[in-house]
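Report on one structure; see the data block that follows.
No lab work stands behind these numbers, since they all come straight from the coordinates. Computed from a predicted structure; not experimentally measured. Note that each Cβ is placed from the backbone with ideal geometry, even for glycine, and that neighbours are counted across all protein chains shown.
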Amino acid sequence: MGDILHALPAVAALRVAHPGWQIGWVVEPRWQPLLAACASVGPNSATQPGGSATPIRSSAMPIVDRLHLAPSREWKRHPLSAGTREGIGALRSELCKAEYSAVLDLQGAIRSAVIARMSGCLRRIGEASPREWPAQWLFTERVATHGAHVIEQDLELASAVAGDALSGDISNGVPLLPVDAYADEWCGTWLAGIFPGAAQPVALIAPGAGWGAKRWPPERYAAVALGLEQRGFHVVVNAGPGEESLAAAIASGRTVALTATLPQLIALTRRIALCIGGDTGPLHLASALGRPVVGIYGPTDPSRNGPFGTRARVLRSPESRRDHSRRSEPDPGMVTITPEDVLGAADELLAEENAR
C-alpha cells in the first residue's frame, strides 16, 4: 500500500505534463482500489490474473488508463501450479499487446523488474541503486536519484521518461486517489449511525505496522484516544487484516474500532480532521489525501518514508536508528515517546489548521 501511495505523485506528475499519454499500471489485485473504483472497471478487467480495464478517465480512475492485475503473492505461494503458469503467461501477453513505449519500475524489486522485462518493451527505466540490487540488471536505463524521500526519488525516475523536470506539486486539480460512489455513500451513512447527534471532527488512529518494531504500544494509543475525545473528537481506530485484536485493545468508551474495505477506508480518510499512527499504509493514505497527520516513527527513517506534502508532525526519538530487521518488540526509541508528546504535537498541528 505504501509503495503505491508513494509512487502516485510521480505518475500524477507525468499525467499533468503529458495528458495525452496512455498510462498503465501493474498492480496486485488487492490494491486496485488505490487506482480505480470498482464501479469504473468494466467487464474486460476480469478479476483473473491478466485482467485489465480501459475506461474513460474520470474521478473514479483519475491517473491511469489501464490496469494490469498481477497476483504475484499468490504466484509465489504456488510457483509450479498450472494456474500460476497460465496467469504469468496471460500477463506477459497482455503487456506485450499493449506495446508500451517505456516501462518505469518505481518499486526497485526483482519481482517488478522481471514484470517490466516481461512487457517486451525495449526501454525499461529503474533506479541505479534499487531496493533489491540485482533488479538493476534488468533495466536498460539506470537513473541515479538524489532525493531524500522516496517520493522525490520516484519523481526523479519519472522525469527520465521524457526529460521533464517534474514536480510533486499537483495542486492544479488532478486527484491522486479515485472516488468510489458506493464507498462514499456507505461512509456517510456509517458515520451518521455510529456518531449520532451534533457533528464533531473525526480523528483516525492507525496503530498497525508491517512489523512489531514499528508499532507504538496499544495502551499509549488508548491514552491518546481518550485525550482526543476530551478535545471534542470522534475517534475511529483502523483495524487492518489481522489487526482486530490490536484495535479492540485501544477502542473503549466512545472510541470505535473499524474493519473497513480499502474503498471504505479511502472514503473515511477524506472526511477526517486528523490521523495519528506509525509508518503504515493508513498514515500514508491520509498524507496522500492532504489530511493533517501525526507520525510516530522508530526504526524507519521519516526523511525517506515519512508524511510528504501535507501538514504533519513527526515524532522520533534520537535513540532510534534505521533498522529494517523484522523484530517483534517495539523499537526502544519509540517507547520513549509518551501520549502527552503525541497529544501536544496534535494540539500544535490543529492550532495551525484553525489559524488557516
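Hey, what number do you get for the chain at 222 nm if only DSSP H runs of n ≥ 4 count, each worth -39500 (n - 2.57), divided across all residues, to the nearest 500?
Estimated from H runs of four or more residues: -11500 deg cm²/dmol.
Compute the distance from the alpha-carbon center of segment 58-88 to that of segment 190-266, in whole Å.
Taking the Cα centre of segment 190-266 as reference, the centre of segment 58-88 is 31 Å away.
Starting from 0 in steps of 10 Å, tell me what percent of the Cα-Cα pairs of segment 108-163 lands in each bin.
Calculated over all Cα pairs of segment 108-163, the distribution is 26, 56, 17, 0 percent.
Please give the net charge around V27, taking every other residue with its beta carbon less than 15 angstrom from that of V27, where Lys and Arg add +1 and Asp and Glu add -1.
Every neighbour counted, the sum reads -2.
In a shell of Cβ-Cβ distance under 11 Å around V143, excluding V143 itself, what net charge do Lys and Arg (+1) and Asp and Glu (-1) give?
-4
Binned at 10 Å from 0, what are the whole-percent values of the Cα-Cα distance distribution for segment 307-356, short to long?
21, 40, 29, 9, 1
What do you get for the angle between helix 262-271 and the principal long axis of the chain? Use alpha-carbon atoms, 0 to 90 degrees, nearest ten.
50
Length gain on complete extension for the stretch A82 to V114, per 0.36 nm per residue less the alpha carbon to alpha carbon distance?
9.6 nm
Once phi is turned into θ = phi - 60°, what whole-Hz ³J(HN,Hα) does the Karplus curve with 6.51, -1.76 and 1.60 give for every residue of segment 201-206, x standing for Gly and Pro?
x, 10, 10, 10, 9, 10
Calculate, axis by axis, the spread of Cα positions in segment 182-355 along the three principal axes, and write the results as whole Å, longest axis first.
Computed over segment 182-355, the largest-to-smallest principal extents equal 44, 38, 30 Å.
Springs between alpha-carbon atoms under 10 Å, Gaussian network over the chain: tell me which of A223, A203, A12 tops the mean-square fluctuations.
Maximum fluctuation in the GNM of the chain, among the listed residues, is at A223.
Which whole-Hz couplings ³J(HN,Hα) result when phi for each residue of segment 81-91 is put into the Karplus expression 6.51 cos²θ - 1.76 cosθ + 1.60, θ = phi - 60°, listed in order with x for Gly and Pro?
Those phi angles translate into 6, 5, x, 5, 4, 5, x, 5, x, 5, 5 Hz.
Would you calculate the separation in nanometres between label points at S101 and R231, each defined as 7 Å from the Cα along the Cα-to-beta-carbon direction?
The answer from the label model is 4.9 nm.
Can you compute the charge dipole magnitude of the chain about its Cα centre, using +1 on each Lys and Arg Cβ and -1 on each Asp and Glu Cβ, nothing else charged? Give it in debye, rounded to the nearest 20.
The dipole magnitude comes to about 680 debye.
What residues have an amide H closer than 5 Å to that of H68, excluding those fewer than 5 places away on the same chain, when H is modeled at 1.01 Å from N in the peptide plane?
Under 5 Å from the amide H of H68 lie the amide H atoms of W25, V26, V27, each far enough along the sequence or on another chain.
Counting other Cβ atoms within 10 Å of each Cβ, which GluC sites (Glu not before Pro) in segment 57-160 have at most 11 and sit in a DSSP loop? Before the final figure, lay out each step's value.
Working: sites: E74, E86, E94, E99, E127, E132, E141, E152, E156; in loops: E99, E132.
Here the GluC sites (Glu not before Pro) that fit, given the DSSP loop and packing criteria, are E99.
When only DSSP loop residues count, what GluC sites (Glu not before Pro) in segment 279-356 have their Cβ near at most 13 other Cβ atoms within 10 Å?
Values: sites: E319, E340, E348, E352, E353; in loops: E319.
Those that pass, being in a loop and sparsely packed, are E319.
Binning at 10 Å from 0, report for segment 71-195 what percent of all alpha-carbon pair distances ends up in each bin.
P(r) over segment 71-195, rounded to whole percents: 11, 29, 29, 21, 10, 1.
When averaged across all projection directions, what area in nm² does the alpha-carbon convex hull of the chain cover?
Projected over every direction and averaged, the Cα hull of the chain covers 18.2 nm².
Return the long-range amide H neighbours of R215 (sequence gap of 5 or more, or a different chain), with a cut-off of under 5 Å between placed amide H atoms.
Here D331 satisfy the definition.
Tell me the net charge near A249. Cut-off is 15 Å between Cβ atoms, A249 excluded, with +1 for each Lys or Arg and -1 for each Asp or Glu. It would help to have the intermediate numbers written out before the result.
Working: positive: R215, R220; negative: E219, E243, E244.
Spelling it out: positives minus negatives among the neighbours equals -1.
From the phi angles alone, apply the Karplus equation (6.51, -1.76, 1.60; θ = phi - 60°) to segment 308-314 and give each ³J(HN,Hα) in whole Hz, x where the residue is Gly or Pro.
For segment 308-314, the Karplus curve yields 9, x, 9, 6, 8, 10, 10 Hz.
Once amide H atoms are built 1.01 Å from N in the peptide plane, which residues 5 or more positions from C275, or in another chain, come under 5 Å H to H?
HN-HN under 5 Å from C275: L204, V293, V294.
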